[in-house]
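Visitor: Got a structure for you, written out below as structure tokens; questions coming shortly.
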Amino acid sequence: MGAGVSSIMGPDGEVSYGDSGLGDMPESCVAAVLLYLDAPEICSVARLNRAFRGAASADLVWETKLPANYEYLMALIEEGEGGKNGLLSKKEIYAMLCRPNSFDGGRKEFWLEKSKGGLCMAISSKAMVITGIDDRRYWNYIPTEESRFHSVAYLQQIWWFEVVGEIDFLFQAGSYSLYFRLHLGKPSKRLGRRIWSAENIHGWDIKPVRFHLSTLDGQQATSLYHLDEPGNWILYHIGDFTVPSDSVEPVKLKFSMTQIDCTHTKGGLCVDSLLVYPKGYRPDKDTVISL
């Protein structure tokens, strides 16, 4: 039986049919097959043998996985790092784009979703205009490990709640969804365990918060939510926008979150960030609420 098995195995342990095996396939043929696979799948089949390993590193394969705006993204990385990254293969560029890349003084990040290569972005609360942020009676920035930016804006109490921001960015063609990442209550740690305080939580059940986005080309979306689920990070879906396939200009977009009914105060809210994801993408960690 052992002899029968060994007779169909190549010298490198590859499956062999007659005198040939998978390792005998030309890299160009293997590369043509890899064009139809996602990035994680390409990395997996690279373990099969030398031919697949070589094809899985070929520029012609990874160039098809890179977003159309990858040169723009790489320029942002080089600007943030203060220098050139040298000559990189297309695979190395893809890997670099999949990591969190800071720009705008560390107040924003972008990265590619590894499987499909869709562009994701996070904008810190420090990159937004928040009414009353300079008055410590109303707002404070608090450090936390639960934010990719290591701090969040915490609202103690205010009458006029307004958070606005802008995006000016060259997105690749496609549809995108916007979310505010919020948390009712103040998260912290005690003896290594996560805890949160419900102190100051009030006013969010009286009137809904209005979320809005608008683009320079006339796209708009509005959502209304009563903020709920204290103690948890929630992604509140603002709406979606679309970048047409023939677009070559940066997208100019404004977003806001307001509750300006001055008949009551509201407080006890953490504002972490605004997130941009490819439409249909669902992050693993946070709860998503949408209309």
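Visitor: In the structure shown, do any of K91/K252; K126/K266; K65/K108; K108/K279 have a Cα-Cα gap over 26 Å, and if so which? Could the numbers behind the result be given before it?
Guide: On the way: K91/K252 30 Å; K126/K266 21 Å; K65/K108 24 Å; K108/K279 20 Å.
K91/K252, as the Cα separations exceed 26 Å there.
Visitor: Relative to the present Cα-Cα distance, how much length would full extension add between K116 and D240 at 0.36 nm per residue of separation?
Guide: Full extension from K116 to D240 adds 42.8 nm.
Visitor: Shifting gears a bit: Below 15 angstrom from the Cβ of T242, what's the summed charge of the other residues (Lys, Arg +1; Asp, Glu -1)?
Guide: Local net charge: -2.
Visitor: Can I ask one more? Place the peptides 43-56, 112-125, 241-254 in order of packing, highest mean first, counting for every residue the other Cβ atoms within 10 Å and averaging per peptide.
Guide: Numbers: 43-56: 17.1, 112-125: 19.7, 241-254: 14.3.
The peptides rank, most packed first, as 112-125, 43-56, 241-254.
Visitor: Right, another one. For a quick protection proxy, order the peptides 269-277, 96-104, 217-225 by their average other-Cβ count within 10 Å, most packed first. Please list the in-between numbers first.
Guide: Values: 269-277: 23.8, 96-104: 16.1, 217-225: 14.3.
Result, highest mean first: 269-277, 96-104, 217-225.
Visitor: In nm, to one decimal, how far is the S290 label point from the H150 one, both placed 7 Å along Cα→Cβ?
Guide: The modelled label-to-label distance comes out at 3.3 nm.
Visitor: Say R0 is 41 Å: what FRET efficiency, to the nearest 0.05, do R53 and E249 get from their beta-carbon distance? Display every interim value, and only then the final one.
Guide: Numbers: r = 40 Å, r/R0 = 0.98.
According to the calculation, E is roughly 0.55.
Visitor: Using a 1.4 angstrom probe on the protein heavy atoms only, line up D135, D284, D228, D59 by accessible area, largest first.
Guide: Working: D135 40, D284 150, D228 90, D59 70 Å².
Final ranking, largest accessible area leading: D284, D228, D59, D135.
Visitor: Report the relative contact order of the chain, percent, no decimals, based on alpha-carbon pairs under 8 angstrom and at least 6 residues apart. Show your work: numbers first, answer last.
Guide: Working: 575 pairs, mean separation 52.0, N = 291.
18 percent.
Visitor: Okay, next question. Please compute the net charge surrounding V129, taking Lys and Arg as +1 and Asp and Glu as -1 over other residues with Cβ under 12 Å from its Cβ.
Guide: Once positives and negatives cancel, what remains is -1.
Visitor: Along the Cα→Cβ direction, 7 angstrom out, place labels at R193 and R136. What is the inter-label distance in nm?
Guide: 3.1
Visitor: Once label points are set 7 Å from the Cα along Cα→Cβ at both V45 and S28, what is their separation, rounded to one decimal in nm?
Guide: It is 1.8 nm.
Visitor: Out of residues 5 or more away from L269 or on other chains, whose amide H comes under 5 Å of its own, with H placed 1.01 Å from N in the peptide plane?
Guide: Here the answer is L155, G185, since their amide H atoms fall under 5 Å of that of L269.
Visitor: Is the C-alpha gyration tensor of the chain telling us rounded, prolate or oblate? Criteria: a/c under 1.5 is rounded; beyond that, a/b larger than b/c is prolate, otherwise oblate.
Guide: Numbers: a/c = 2.74, a/b = 2.12, b/c = 1.29.
Verdict is prolate for the chain.
Visitor: Could you check how many percent of all C-alpha pairs in region 162-211 are farther apart than 14 Å? Intermediate values should be presented prior to the final figure.
Guide: Numbers: 885 of 1225 pairs.
Beyond 14 Å sits 72 percent of the P(r) for region 162-211.
Visitor: Sticking with this structure for a sec: Tally Lys/Arg at +1 and Asp/Glu at -1 over every other residue whose Cβ is under 13 Å from the Cβ of T222; what's the total? Mind dumping the intermediate values first?
Guide: Details: positive: R210, K254; negative: D240.
So the environment of T222 carries a net charge of +1.
The values are calculated or read from the model by the stated rules, or taken from the named source; none is laboratory data. A quick note: this is a predicted structure, and the numbers were derived from the prediction, not measured. Using ideal geometry, Cβ is built from the backbone for each residue, glycine included, and neighbour counts are taken over all protein chains shown. Note: areas computed on protein heavy atoms with side chains; ligands, DNA, RNA excluded. Shrake-Rupley method; radii C 1.70, N 1.55, O 1.52, S 1.80 Å.
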